[in-house]
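Below: the structure, in structure tokens.
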Amino acid sequence: MGASGSRAIGSQVSDMDIGVVNPKSMLHFPEERGNKEFKRSNWALLDWVLGTQRGQFVGLAIVMLSILTLGALCWMATGGNGDYDTTWWSSLWFSWGMFFDPGTQMGFAPGEPHTDKLVAVTFSITGFLYNLVFLGLIVETVRNLLEHWRKSRSRIVANDHTLILGWSRRSLFLIAQLLQSMENRGVDSELVILAEEDEYSVKQELKRQFPDMDLGSRVRFRSGSPTECDDLMHVSAYSAREIIILSQPGSQWEVDLDTVRGVISVAALPKQPKCPVIAEVRAPETSHAIRHVLETAEGIYVKHAVRRVLCLTAIQPAVGDTFQTLMSWLEGCEIYVKSREDLGVPQVTTVGQAQEALDKGIIVGVRPQDHHCIMAPPASRELEPTDKLLVIADSLTDICFSASSTFAISKALRSKSCVDVPSNTKALSVADVSRSVDAMSNQRIVIIVGWPNDIDDVLIVLEDYLAPGSEVHILALMSEAERKSRLDRSRVLRNTQLTIRHVEGNITNVYTLAELPLDKACAVLVLADDALDEHPRKADSASLQAAINIDSLLKGHYEDQMIFKKVEDSARPRIVCEILSADTERALKFRADSNDNGAGIQFFHSGVMETGLFTMAPSQLPVFNAMVMMLRPNDYGDLMTLPMASYINDPGLAARPELPLIECFDLVRKAGDILIGVVPERGGSVTINPCRREAPPVAQGSHVVVVSKRMVKMWSQKLMLRRSPSSPMAGASAARERSQLPSSI
């Protein structure tokens with residue numbers, strides 16, 4: 001029966017009556033309500049005496065008077081002595097003396113009557129116990145008052161500091177990135193943390209993560225709520241250089257709600273901070289809400305960009321390793337955006353002249369005023385007075401000759417490497433380098449172990465970097481039906497050109513892993529499973545066990561058991577294992593033997609990458625935008641790995657076994673690209689060489705990492721496919737791409 005029928009059966013209520021209070025309700029007659037007799041709530045005497053501070057003091061006062069009276073009466077009953085007679089006031093004074101000062105009884109001579117001494121001892125002990133209770137109550141009252149004053153009146157007085165709101169598993173990574181960023185940029189500032197965690201536990205975590213650093217003068221912590229205005233005032237939020245809100249563990253929806261609450265609390269402060277508020281978001285759409293809440297706030301979405309670096313590390317290792325170096329302040333080389341005056345070359349007029357004047361930096365882009373950066377600009381490009389240059393360098397003090405001398409002094413006072421972390425990159429084999437060159441031209445097989453909550457993002461990225469028809473095998477405990485259901489809800493994957501094959505099973509079981517086509521795969525991605533995402537240590541344990549078992553299978557450790565045949569080094573896939581926990585990161589610091597040439601496992605510290613890219617936003621926003629744009633299909637510029645021989649057309653140069661790096665740089669520059677790194681001929685780590693004139697020569701068989709626009713045509717075709725109105729990928733993909741960049745350039 002419909003809704004109208006239901007109303008007809010009950011009391012006759014029209015649509016106009018819905019939400020209207022009944023005319024007979026007592027709410028219409030407040031004066032009558034006041035005249036009616038209501039039951040009143042009262043204290044029970046015992047509850048008031050024992051349950052309130054005032055009652056406790058009154059109760060103790062009554063007990064004291066009772067003891068004094070009883071003591072006086074007992075003394076009068078003994079008949080008194082020569083010092084104290086049996087009059088009321090004399091007996092009461094005796095009782096007070098014994099009650100308040102137990103030492104008074106020692107004034108009795110040994111020959112006094114036993115009844116006198118018994119009364120004295122009894123009331124001395126009673127008074128002593130009473131005074132202990134009374135003084136304990138006084139001490140507790142004073143302690144509570146002092147604690148109240150400490151909480152309400154104490155504060156961290158700081159100016160021009162970085163304020164971090166909240167504490168999560170990635171806070172240690174964030175602190176490491178910020179400290180190294182300050183050192184590299186020559187900034188002398190302190191970090192202030194406001195979180196609900198206990199101060200002792202946080203300081204213990206900091207001590208474990210940074211055992212060789214004295215953080216007392218650089219990192220300060222206060223326990224409190226990041227969403228309470230009073231607590232924000234107590235950490236000098238209004239005078240901060242920047243305020244950072246790092247997302248917490250949990251579901252995407254709940255986490256972003258907490259982030260918005262934090263921004264609202266900052267916006268509600270009586271003293272409005274003028275500094276930028278940088279908030280990490282888990283969904284790109286949340287950025288728009290944050291911008292409307294507070295003008296100076298910006299929601300930063302880094303998860304998708306880091307996923308792209310993860311996939312590139314597996315499929316195009318040289319490019320992925322280069323991005324890892326540039327995205328983290330801990331790896332040595334960063335990109336800085338500075339004016340010609342800051343670089344000490346105000347007289348130059350073109351990009352080529354500026355590059356010639358810089359010995360310890362590589363210019364990779366130009367940022368015009370109020371526009372996004374132009375990557376790989378031609379050397380002949382004229383520089384406008386308002387243009388700024390994007391320069392790769394080891395630190396800001398290496399290229400900013402006109403900067404204040406205090407930068408250099410500040411840097412000299414600190415150790416060269418203020419944070420000790422394991423390198424995020426592993427030496428490349430010859431096979432890894434060749435995969436970096438032709439990954440997008442040949443069909444490949446990629447294996448994913450684990451089912452992360454953003455698996456659709458991972459598959460979208462793999463589709464960008466793999467040739468059509470490539471296969472992706474996914475091993476996870478989740479049923480195939482549930483997986484397909486989840487993927488079907490993602491519109492961007494409905495017409496994917498990848499062949500996705502599902503395998504059900506335990507990700508750590510050797511027999512299940514042996515069923516995967518490990519010998520034919522080009523890469524294996526071991527990712528944190530969705531079921532363990534909120535438990536980083538458990539997720540890392542599962543991922544490590546799976547990665548080690550895969551590596552053991554490939555090395556032939558189970559060949560005797562006829563489980564899996566050994567795969568030769570040149571044919572082994574690159575194993576990339578995602579790591580979440582700081583504890584696991586510290587453990588891997590002692591596993592340098594797993595980073596040998598072309599073998600072992602590449603550990604990808606996603607927390608380090610996310611916080612590294614995140615910290616670029618407040619300090620180097622144009623660089624942040626440039627990195628995000630290069631990490632997606634674009635007409636902007638890309639990082640590529642190419643043979644050095646492809647740039648040599650002169651037979652004379654081709655005949656030489658080695659070329660100076662400065663000559664290689666010029667050859668690449670003439671072809672319209674910019675050389676930023678070199679991969680040795682026989683494999684090894686990517687070397688980013690800002691000091692072109694001091695670097696060793698480059699062998700003819702080496703590969704180079706370049707900033708190039710050669711992939712623009714291919715990306716244009718992919719973007720046209722995604723943005724085509726007839727394509728189901730259009731809406732979600734286009735919205736995702738538009739949402740990743742901050743509104744402020």
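Length gain on complete extension for the stretch residue 69 to residue 220, per 0.36 nm per residue less the alpha carbon to alpha carbon distance?
My answer for the length gained is 48.7 nm.
Going by average Cβ density within 10 Å per residue, which order do the peptides 168-178, 503-513 take, highest to lowest?
Packing order, densest peptide first, comes out as 168-178, 503-513.
Students often get this wrong, so check it: of 360/670; 520/565; 303/520, which have C-alpha atoms separated by over 23 Å?
303/520
Dividing the Cα radius of gyration by the Kirkwood radius, what Rg/Rh value follows for segment 569-682?
Ratio of gyration radius to Kirkwood radius: 1.05.
Would you please give the FRET efficiency between residue 482 and residue 538, computed as 1/(1 + (r/R0)^6) with r the Cβ-Cβ distance and R0 = 22 Å, to the nearest 0.05?
0.60
How would segment 268-390 be classified by its alpha-carbon gyration tensor: rounded, prolate or oblate, with rounded meaning a/c under 1.5 and the a/b versus b/c comparison settling the rest?
oblate
State the percentage of accessible surface on segment 105-231 attributable to carbon and sulfur atoms; use a 1.4 Å probe and exclude ligands, DNA and RNA.
59
Leaving ligands, DNA and RNA out of it, report the carbon-plus-sulfur percent of the accessible area of segment 235-274 at a 1.4 Å probe.
56
Where nothing but the Cβ of Lys and Arg (+1) and of Asp and Glu (-1) is charged, how large is the charge dipole of segment 108-210 around its Cα centre, in debye to the nearest 20?
220
Among the aspartates and glutamates, which fall within straight-line cross-link reach of residue 207, defined as a Cα-Cα distance under 18 Å, with same-chain neighbours fewer than 8 residues apart omitted?
Candidates past the 8-residue exclusion: 190, 197, 198, 199, 420, 583, 585.
Sort 349, 227 by accessible area with a 1.4 Å probe, largest first.
349, 227
Rank-order 695-702, 199-206 by packing density, defined as the average count of other C-beta atoms within 10 Å over each peptide's residues, highest first.
Those peptides, ordered most packed to least, come out 695-702, 199-206.
Starting from the Cα-Cα distance between residue 587 and residue 699, subtract it from 0.36 nm times their residue separation and give me the gain in nm to one decimal.
Gain on extension, residue 587 to residue 699, equals 36.7 nm.
Given the whole protein assembly as supplied and a 1.4 Å probe, what does the accessible area of residue 140 come to in Å², nearest 10?
Estimated to the nearest 10 Å², residue 140 gives 80 Å².
Work out the length of the dipole vector of segment 115-169 about its Cα centre, built from +1 on the beta-carbon of each Lys and Arg and -1 on the beta-carbon of each Asp and Glu, and round it to the nearest 20 debye.
Dipole about the Cα centre, nearest 20: 260 debye.
Among 453, 526, 513, whose Cα projects farthest towards the positive end of the dipole of segment 449-577, with charges put on the beta-carbon of Lys, Arg (+1) and Asp, Glu (-1)?
Checked the options; the winner is 513.
If one puts a single equal scatterer on every Cα of segment 612-676 and applies the Debye formula without solvent, what log₁₀ I(q)/I(0) results at q = 0.29 Å⁻¹?
-1.23
By how many nm would the segment from residue 86 to residue 47 lengthen if fully extended, with 0.36 nm per residue of separation less the alpha-carbon distance?
10.2 nm
Over segment 230-334, what lengths in whole Å, largest first, do the semi-axes of the equivalent ellipsoid take, defined as the square roots of 5 times the eigenvalues of the alpha-carbon gyration tensor?
31, 17, 11
The values are calculated or read from the model by the stated rules, or taken from the named source; none is laboratory data. For clarity, every value in this text was computed on a predicted model and none was experimentally measured. A quick note on method: Cβ atoms are made from the backbone with ideal geometry, for glycine too, and the neighbour counts reach across all protein chains shown. With ligands, DNA and RNA removed, areas are computed over all heavy atoms of the protein, side chains included. Shrake-Rupley method; radii C 1.70, N 1.55, O 1.52, S 1.80 Å.
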